[in-house]
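Read the structure below first, then the notes.
The values are calculated or read from the model by the stated rules, or taken from the named source; none is laboratory data. Remember, predicted model here, so these are calculated numbers, not experimental data. Please note: Cβ atoms are built from the backbone with ideal geometry, for glycine as well, and neighbour counts cover all protein chains shown. Calculation scope for accessible area: heavy atoms of the full protein, side chains included, ligands and nucleic acids excluded. Shrake-Rupley method; radii C 1.70, N 1.55, O 1.52, S 1.80 Å.
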Amino acid sequence: MRKKFIAGNWKMYKSPKETKEFFAAFAKEMDASESVKKAIADGVEDVAFFVPSISLTTAIEAAENMPLIIGAENAHWEKCGAFTGEISVPMVAEVKASHVLIGHSERRHIFHETNEETNKKMHAVTDGGLRAVLCVGETLEERESGKAHDVIKGQFLDGLKNFDAHTTAEKVIIAYEPVWAIGTGKTASAQDAEEICKFIRDLASDTFGTECAEKLLILYGGSVKPENTASIMSEADIDGVLVGGASLKAESFIKIAENAL
Ligand code: PGA
């Protein structure tokens, strides 16, 4: 049985002050939620937050007494160097964040990050001892022209170039996020999301073997809300959700973590 992974992606929201306020509110929600507390304690569910780099330290400190995962939203592939504005994996590790989002569609489409760059970042994250969430997903145009599977296959294979089965199973999580469903209120139907998540699991099986594919966590993201979480999570190949907008409020995110169970 794969562990459920419920993750919030805060994007460019929440300053350190707002982060502190959020976790004070989230601590109360956690305290009141017997099912989420039990699921985390039993090792059935992980709850994670990917936060702006300037708020990482605050998040780690504020969440210190809660069994939560804190991660960065991006990291450069070099350990240090003349890369103004970037942060490195050792910097993320030093503040005790354990996960990094790689290749989010906003990185790919707004900042023109390529599959080759996501691959270098993926290696930097796993070589640095952290866990990477590789985001993949097609645009509306790609879906409508029948290219969705090819695009996802390319993002998966290029992103995981020179990875082995063990590292992939233990250190990589895949998040399928159709670009047309992100922040638009348009969720992929649970069946459409499952169809692609199964396609990704089959790709993992072909590339790394069935044992790796069975262990690999695959998430869905794109307008996930408390109301649609249960139906998305009922699909066989969807192990969790990556949540943007609805992760910014403690009440809605705890409901997502509850409804995922
Ligand atoms: P959304 O964002 O839930 O606001 O659609 C998801 C994401 O970008 O990870």
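Among the residues of the stretch 43-89, write down those that are touching a Leu at 6+ places or on another chain (Cβ under 6 Å) and of a type in the set (Ser, Thr, Tyr).
None - no residue of the stretch 43-89 is touching a Leu at 6+ places or on another chain (Cβ under 6 Å) and of a type in the set (Ser, Thr, Tyr), so the list stays empty.
Mind listing whichever residues of the stretch 143-187 are open to solvent by 30 Å² or more (accessible area, probe 1.4 Å), under 25 Å from ASN228 (Cα atoms) and modelled with pLDDT of 95 or more?
The answer is HIS149, and nothing else.
Please find, among GLU64, GLU73, GLU106, GLU45, the residue that is at pLDDT below 95 and under 23 Å from PHE253 (Cα atoms).
Step by step, each of GLU64, GLU73, GLU106, GLU45 is checked, and only GLU64 is at pLDDT below 95 and under 23 Å from PHE253 (Cα atoms).
Tell me yes or no: at least one residue of the stretch 208-225 is at pLDDT below 95, farther than 19 Å from ILE256 by Cβ and in a helix (DSSP H, G or I).
no
So, in the stretch 167-199, how many residues would count as being of a type outside the set (Ser, Thr, Tyr) and within 16 Å of the ligand (Cβ to nearest atom)?
Going through the stretch 167-199 one residue at a time, the tally reaches 18.
Would the stretch 216-226 turn up any residue that is touching a residue at least 24 places away in the same chain (Cβ under 8 Å), closer than 19 Å to LEU157 by Cβ and open to solvent by 20 Å² or more (accessible area, probe 1.4 Å)? Spell out the reasoning first.
Taking the stretch 216-226 first, the residues touching a residue at least 24 places away in the same chain (Cβ under 8 Å) are 216-226.
Those still in the list that are closer than 19 Å to LEU157 by Cβ too: 216-219.
Now drop any that are not open to solvent by 20 Å² or more (accessible area, probe 1.4 Å), which leaves none.
For the stretch 216-226, residues touching a residue at least 24 places away in the same chain (Cβ under 8 Å), closer than 19 Å to LEU157 by Cβ and open to solvent by 20 Å² or more (accessible area, probe 1.4 Å): absent.
Can you tell me how many residues within the stretch 112-126 are outside any helix (DSSP H, G or I) and within 16 Å of the ligand (Cβ to nearest atom)?
1
Taking GLY129, is it assigned to a loop (DSSP other than H, G, I, E, B) and within 19 Å of the chain's Cα centre (by Cα)?
Considered against the rule, which asks whether it is assigned to a loop (DSSP other than H, G, I, E, B) and within 19 Å of the chain's Cα centre (by Cα), GLY129 comes out as yes.
Among the residues of the stretch 88-111, are any of a type in the set (A, V, I, L, M), within 20 Å of GLY240 (Cβ to Cβ), surrounded by 22 or more Cβ atoms within 10 Å (Cβ to Cβ) and away from the ligand (no atom under 16 Å from the Cβ)?
Residues of the stretch 88-111 that are of a type in the set (A, V, I, L, M), as a first pass: 89, 91-93, 95, 97, 100-102, 110.
Imposing the further condition that a residue be within 20 Å of GLY240 (Cβ to Cβ) reduces the set to 97, 100-102.
Pick out the ones that are also surrounded by 22 or more Cβ atoms within 10 Å (Cβ to Cβ) and you get 97, 100-102.
Now drop any that are not away from the ligand (no atom under 16 Å from the Cβ), which leaves 97.
Within the stretch 88-111, one or more residues are of a type in the set (A, V, I, L, M), within 20 Å of GLY240 (Cβ to Cβ), surrounded by 22 or more Cβ atoms within 10 Å (Cβ to Cβ) and away from the ligand (no atom under 16 Å from the Cβ).
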